[in-house]
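Trainee: Quick one: the structure is below, and I'll ask about it shortly.
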Amino acid sequence: MEGILHSSNPLRFERSATNPTAKGGVGCLLGRTMKQTLSRILVVDDSPGARERTRSALEDGDFLVVEASSGPQALLRAAEVKPRAVVTDLNMPGMDGLQLVAKLRQRGIHCPVLMVTAETSPQLRSAGIRLGVSAWLHKPFDAAHLTRALEAILKHDAVSVSPTTRPLNKR
């Protein structure tokens, strides 16, 4: 049957005789790309250059990226697009990444969050874990680390049974 997607990795799809529409690693299903169906990621950073680098790395990894330049804009975008995950900078003016996570949770948005930061403070990390940050990625990082970290938190989220479920190593 034409249009069937084949992959051992649910985020990557290959062109085959039964999947001739797949291009650049993405197949089509009922007129929607798998990017749109499986992996809409909200990227939040006040730096246009950092957002561009993050967007580029994630799109190369077959993620569909939605961008926000501030915490308040991210709250609006999250309500609109219902992201599968959020990748956010910690240090932003007005509303930092931790405040953003707290407000997302207050609004019932419990998707995984990858916090990107140059900060190494154990106190900030503990505060983030208490708020529900799924993972931390320290700057500088390369595209492969970003993609692997995001895939890991998405994989964990796929097996979670509720928004309040935490991995055993988080206390």
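The values are calculated or read from the model by the stated rules, or taken from the named source; none is laboratory data. In this text the structure is predicted, and so the values were computed from the model without any measurement. In this analysis, Cβ positions are derived from the backbone assuming ideal geometry, glycine residues included, and neighbour counts consider all displayed protein chains. Note: areas computed on protein heavy atoms with side chains; ligands, DNA, RNA excluded. Shrake-Rupley method; radii C 1.70, N 1.55, O 1.52, S 1.80 Å.
Trainee: In the neighborhood of ASP46, defined by Cβ-to-Cβ distances under 12 Å, what is the net charge if each Lys or Arg adds +1 and each Asp or Glu adds -1?
Mentor: -3
Trainee: Continuing with this model, one more query. On a 1.4 Å probe surface of the protein chains, which of LYS103, LYS82 comes out largest in accessible area, and what is the full order? Please list the in-between numbers first.
Mentor: Values: LYS103 80, LYS82 145 Å².
Largest to smallest exposure gives the sequence LYS82, LYS103.
Trainee: Next question, about the same structure. Rounded if a/c is under 1.5, else prolate if a/b beats b/c, else oblate: with a ≥ b ≥ c from the C-alpha gyration tensor eigenvalues square-rooted, which is region 117-159?
Mentor: It comes out oblate by the Cα gyration axes.
Trainee: Pop out the ³J(HN,Hα) list for region 66-76 in order, Karplus 6.51 cos²θ - 1.76 cosθ + 1.60 with θ = phi - 60°, rounded to Hz; leave Gly and Pro as x.
Mentor: Per residue, the Karplus-derived 3J(HN,Hα) values read 10, 10, 9, 9, 7, x, x, 5, 4, 4, 5 Hz.
Trainee: Using θ = phi - 60° and the Karplus curve 6.51 cos²θ - 1.76 cosθ + 1.60, what whole-Hz ³J(HN,Hα) does each residue of region 97-114 get, with Gly and Pro shown as x?
Mentor: These are the phi-based 3J(HN,Hα) values: x, 5, 5, 4, 4, 4, 5, 4, 5, 4, 8, x, 9, 10, 6, x, 10, 9 Hz.
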